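The values are calculated or read from the model by the stated rules, or taken from the named source; none is laboratory data. Everything numeric here is computed off the predicted structure, so don't read it as measured data. Ideal geometry is used to build each Cβ from the backbone, glycine not excepted, and the neighbour counts take in all protein chains shown.
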Amino acid sequence: MKRHYVAVDLGAESGRVVDGGVDDNGIELREVHRFPNRPVRISDGLHWNALGIFENVLTGLELALAGEDIVSIGVDSWGVDYGLFDPAGRMLGNPYHYRDTRTDGVREVCADRVSASRQYARTGIAQLPINTLYQLAAQARGDRTLEIAHSLLMIPDIIHYWLTGVQSTEFTNASTTGALAVDGSWAEELLAAFDIPSRILREPVEAATILGPTRTDLDFGPLSHSLQVVVPATHDTACAVLAAPLHVARRGEVCAFISSGTWSLLGLELVQPILTEDARLAGFTNERGVAGSVRFLRNIMGLWLLQECRRAWCRDGTDFSYDLLTRRATKMASPGLIIDVDDRGLLHPVDMPAAIRAQLARGEQHAEADPVALTRAIVESLALQYRRSIADAERLAGVRVGAIAIVGGGSRNELLCQLTADACERVVYAGPAEASATGNILVQAVADRAVSGLAEMRAFVKATAHPRVFEPRRSTSIDWDAREADLLKLRSGQAIGFVPTGSPGSLRV
């Protein structure tokens with residue numbers, strides 16, 4: 001008999017409420033509600049619409065409860081962002097979006113107080129401008145909100161709190177803050193150095209912790225039967241890695257993962273963090289996984305570039321679907337362009353196509369305007385960065401990567417999967433697309449004692465996963481070695497001056 005759990009999986013572009021039925025034959029997912037998750041810009045910056053997210057969670061719950069007898073619910077989301085609450089439990093303003101410009105330059109100011117090397121040795125977290133630590137340091141400069149704040153809750157914690165009245169923080173998401181030490185305690189000396197009050201931070205709990213029943217004062221019919229709320233791995237990448245088919249690696253090799261969506265999180269699952277200066281300089285981070293595991297990974301800009309290009313094209317009156325863009329891009333020859341996908345100028349530009357064209361022009365490349373050619377260039381450039389990151393991960397961890405598992409929404413993009421296999425010269429295993437929801441549900445099944453722990457979750461994935469396989473093509477028109485050399489030239493400020501090929505399948509308007 002199936003046991004049913006509800007996973008709320010919040011992404012930076014959309015949110016999903018998914019019913020997962022689990023039995024010995026596997027897991028069956030049913031998406032009951034999907035909603036856009038759009039930031040809102042007001043006078044003081046870019047924010048998330050937390051109340052709108054919560055309203056959609058309740059809508060999804062109502063739909064799920066109408067169809068099945070649900071055991072529990074758990075929420076996962078992206079990392080780093082947070083809300084502040086006063087002693088009475090009231091939220092002190094909508095959470096800021098990690099792409100808000102208030103953190104510009106803050107990382108460098110913090111490094112003057114505590115060196116980047118010391119920060120990394122203490123936390124194992126790469127110094128990204130979006131980190132919670134730097135967001136809080138920015139807020140500490142002239143914003144009195146921190147003085148009256150009683151608690152800080154990450155995005156999933158906020159939804160859990162509003163469902164139960166219980167405030168909590170979970171390790172996998174807490175580790176993304178840049179304020180959690182590698183020993184699992186808060187790095188009090190970093191907080192003090194950046195004028196951040198440590199009192200606002202809750203002691204983290206482990207994934208599969210049961211928070212308790214939904215609040216009885218929620219005037220929401222079906223919830224009156226007291227649904228249990230379980231803390232999954234609240235960081236969506238931690239959930240996604242749980243569902244990744246890492247078992248495909250051969251003896252003596254490991255399988256790397258790429259959690260592909262707005263961001264591409266590429267890395268290895270390890271048992272210990274790697275805290276070397278080489279790892280820091282290479283941009284790798286050590287996030288906590290489930291059951292004491294470590295996600296040694298690099299944050300790569302990801303499909304954000306294409307999402308923002310599409311948004312800009314829609315503003316200009318042309319609504320290209322992702323499917324149409326990708327299908328046309330698959331049929332065309334390579335435009336021969338290299339985009340440095342991790343250029344900080346692409347973190348939050350007003351106009352992404354213009355920002356990409358400006359970068360291309362700086363390298364004396366053709367400033368391509370055709371949507372299909374830009375789509376192809378973005379996907380090729382992501383595959384190129386994956387190639388570099390796989391090589392760095394192997395070198396830093398001292399392992400041989402024999403295969404790559406791509407999970408998340410990007411696993412549906414056949415062009416991305418095939419180009420990744422080609423560029424990295426490894427077999428790519430693609431899927432599941434709803435990996436975060438799958439991992440979320442598996443953790444809830446552990447709390448329900450339907451699954452015993454990490455080993456059984458891994459066995460469950462091995463027995464039930466059916467990823468698509470992409471073999472690397474040995475003869476392609478792209479010289480990936482030459483592309484990699486030219487990417488390094490671009491990053492050193494040199495011009496490379498590619499002239500693109502033709503663009504069959506153009507969507508010029």
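May I ask you to verify whether V32 is touching an Asp or Glu at 6+ places or on another chain (Cβ under 9 Å), surrounded by fewer than 22 Cβ atoms within 10 Å (Cβ to Cβ) and assigned by TED's automatic domain parsing to the domain that holds S77? Explain how you work it out, then say what you get.
On the way: touching an Asp or Glu at 6+ places or on another chain (Cβ under 9 Å): yes; surrounded by fewer than 22 Cβ atoms within 10 Å (Cβ to Cβ): yes; assigned by TED's automatic domain parsing to the domain that holds S77: yes.
Judged against the criteria, V32 is a match.
Tally up the residues in the range 287-298 that are farther than 21 Å from G402 by Cα and either in contact with a strand residue (DSSP E or B) (Cβ under 7 Å, 6 or more places away or on another chain) or of a type outside the set (A, V, I, L, M) (or both), please.
Residues in the range 287-298 being farther than 21 Å from G402 by Cα and either in contact with a strand residue (DSSP E or B) (Cβ under 7 Å, 6 or more places away or on another chain) or of a type outside the set (A, V, I, L, M) (or both): 4 in total.
Within the bounds of the range 194-208, is there any residue that is in a helix (DSSP H, G or I) and of a type outside the set (K, R)?
There is at least one residue in the range 194-208 that is in a helix (DSSP H, G or I) and of a type outside the set (K, R).
Tell me which residues, restricted to the range 161-211, are surrounded by fewer than 23 Cβ atoms within 10 Å (Cβ to Cβ) and of a type in the set (D, E, K, R).
D183, E188, E189, D195, R199, R202, E203, E206 - these are the residues of the range 161-211 that are surrounded by fewer than 23 Cβ atoms within 10 Å (Cβ to Cβ) and of a type in the set (D, E, K, R).
Would you please name the residue that is farthest from the chain's Cα centre (by Cα), looking only at residues in the range 81-115 that are in contact (Cβ under 8 Å) with a residue 60 or more places away in the chain and farther than 28 Å from W162 by Cβ?
Going through the qualifying residues, I end up with R113.
Tally up the residues in the range 323-348 that are part of a loop (DSSP other than H, G, I, E, B) and within 23 Å of the chain's Cα centre (by Cα), please.
Looking only at that region, the number is 7.
Determine the pairs where a residue that is assigned to a helix (DSSP H, G or I), located within the range 150-176, has a partner that is of a type in the set (K, R) and buried (at least 24 other Cβ atoms within 10 Å of the Cβ) with Cβ atoms under 7 Å apart, the partner being 6 or more residues away or on another chain.
Final answer for the pair search is F171/R288; T172/R288; S175/R288.
Take the residues in the range 400-418 that are crowded, with 22+ Cβ neighbours inside 10 Å and β-branched (V, I, T), then tell me which one is farthest from D76 (Cα to Cα).
I404
For the range 435-483, give me each residue that is crowded, with 18+ Cβ neighbours inside 10 Å, within 30 Å of P335 (Cβ to Cβ) and not hydrophobic (A, V, I, L, M, F, W, C).
Selection gives P467, R483.
How many of the residues making up the range 16-59 are within 24 Å of M457 (Cα to Cα), of a type outside the set (A, V, I, L, M) and either without any contact (Cβ under 8 Å) to a residue 60 or more places away in the chain or touching a strand residue (DSSP E or B) at 6+ places or on another chain (Cβ under 9 Å) (or both)?
Residues flagged as within 24 Å of M457 (Cα to Cα), of a type outside the set (A, V, I, L, M) and either without any contact (Cβ under 8 Å) to a residue 60 or more places away in the chain or touching a strand residue (DSSP E or B) at 6+ places or on another chain (Cβ under 9 Å) (or both) within the range 16-59 amount to 9.
Hey, among A397, A421, which residue is at pLDDT 95 or above, within 30 Å of C309 (Cβ to Cβ), of a type in the set (A, V, I, L, M, F, W, C) and surrounded by 18 or more Cβ atoms within 10 Å (Cβ to Cβ)?
Details: A397 fails: within 30 Å of C309 (Cβ to Cβ).
One residue alone meets the criteria, A421.
Which residues, taken from the range 116-156, are more than 21 Å from the chain's Cα centre (by Cα), among the polar types (S, T, N, Q) and within 24 Å of N49 (Cβ to Cβ)? First the steps, then the outcome.
To start, the set of residues in the range 116-156 that are more than 21 Å from the chain's Cα centre (by Cα) comprises 116-119, 121-122, 137-151.
From what's left, among the polar types (S, T, N, Q): 117, 119, 139, 145, 151.
Scanning the range 116-156 gives Q139, T145, S151.
Within the group D44, D100, which residue is charged (D, E, K, R) and buried (at least 16 other Cβ atoms within 10 Å of the Cβ)? Reasoning before the result, please.
Working: D44 fails: buried (at least 16 other Cβ atoms within 10 Å of the Cβ).
Being charged (D, E, K, R) and buried (at least 16 other Cβ atoms within 10 Å of the Cβ) holds for just one of D44, D100, which is D100.
Among (1) touching a residue at least 60 places away in the same chain (Cβ under 8 Å); (2) out of contact with any strand residue (DSSP E or B) (no Cβ under 7 Å at 6 or more places or on another chain); (3) on the phi > 0 side of the Ramachandran plot, there is one condition G408 misses while meeting the rest; what is its number?
Unmet condition: (2).
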